Amino acid sequence: MKRMSIAFIVRQIFILAATVTSGISQEVSSNEPVWHADCDEPGWFGPECIYKCHCSKSTCNSYGFCEDGCEDEWFGPNCQYRASEIMVEADGVLHGLNMSDKYDCVHNNYKELVVRLVQPHPFSWLRITSYDLHKIKRGNITLLGKGVSLCKKPFYVFSNSGYVDMHCTTYKAVDTIIINGTDVVRHICKVRVSK
């Protein structure tokens, strides 16, 4: 019997979880709910009311679907992932990219984008929003912890909704993420790193 690496198993579990979560959102939009719980306390949803609403303006429906997007600092499926506090530099200049709207993008021909985590932590995934994912596919993403590259086999999921998720499980603290590549950085609109 072939042995599977822990990273492979974790990746498969994350893909399954993302598929289930995506299925929930898809089912909500088609008016055929997969699960539902009548929560006594407002602002909670899901099976046994275990998920808190993090939708903008607290506009979650009973399935957690957010039509108006997520509150600041929250992102991902049903706004259930908290974003790390980051500082973004493009060619040495601080950039407000981490709080931008989808189409408030870099637009300059920077060679490199450096994302510094204010509080280093083990990495699970990040999301890059772009108006041209084909350009992002040609880029490189490097995770660093104390100057050492930490991710040998990243896993990418490209969405039809204008974002790419990069997954890589590392148990060492990541403090810096470098994104570079020819004609890549200027197409980046938002970077979110999961806590």
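The values are calculated or read from the model by the stated rules, or taken from the named source; none is laboratory data. Quick caveat: nothing in here was measured; it's all calculated off a predicted structure. Note: ideal-geometry Cβ built from the backbone for every residue, glycine included; neighbour counts use all protein chains shown.
Cβ-Cβ distances below 7 Å connect the following pairs, each with a first residue in the range 58-77 that is within 17 Å of Val191 (Cβ to Cβ), a second residue that is surrounded by fewer than 20 Cβ atoms within 10 Å (Cβ to Cβ) and basic (Lys, Arg), and a separation of six or more residues or different chains: Glu73/Arg82; Trp74/Arg82; Phe75/Arg127; Gly76/Arg127. For the range 147-164, the candidate set comprises residues that are assigned to a strand (DSSP E or B) and in contact (Cβ under 8 Å) with a residue 60 or more places away in the chain; within that set, the residue that is nearest to the chain's Cα centre (by Cα) is Val157. Determine if the range 105-112 includes at least one residue that is outside any loop (DSSP other than H, G, I, E, B) and modelled with pLDDT under 90. Yes, the range 105-112 contains at least one residue that is outside any loop (DSSP other than H, G, I, E, B) and modelled with pLDDT under 90.
For the range 59-84, a residue qualifies if it is assigned to a strand (DSSP E or B) and not hydrophobic (A, V, I, L, M, F, W, C), and the qualifying residues are Tyr81, Arg82.
One residue alone among Ser84, Ser56 is under 30 Å from Thr182 (Cα atoms), modelled with pLDDT of 80 or more and surrounded by 13 or more Cβ atoms within 10 Å (Cβ to Cβ), and that residue is Ser84. For the range 128-146, filtering for residues that are in contact (Cβ under 8 Å) with a residue 40 or more places away in the chain, over 11 Å from Asp183 (Cα atoms) and surrounded by 20 or more Cβ atoms within 10 Å (Cβ to Cβ) leaves 3. All told, Lys111 meets the bar of being in contact with a helix residue (DSSP H, G or I) (Cβ under 9 Å, 6 or more places away or on another chain) and of a type in the set (D, E, K, R). For Val115, are the conditions met, namely being of a type in the set (Val, Ile, Thr), touching a residue at least 60 places away in the same chain (Cβ under 8 Å) and crowded, with 19+ Cβ neighbours inside 10 Å? The answer is yes for Val115.
Residues in the range 165-195 that are part of a strand (DSSP E or B), of a type in the set (A, V, I, L, M, F, W, C) and under 25 Å from Asn108 (Cα atoms): Met166, Ile177, Ile178, Ile179, Ile188, Cys189, Val191, Val193.
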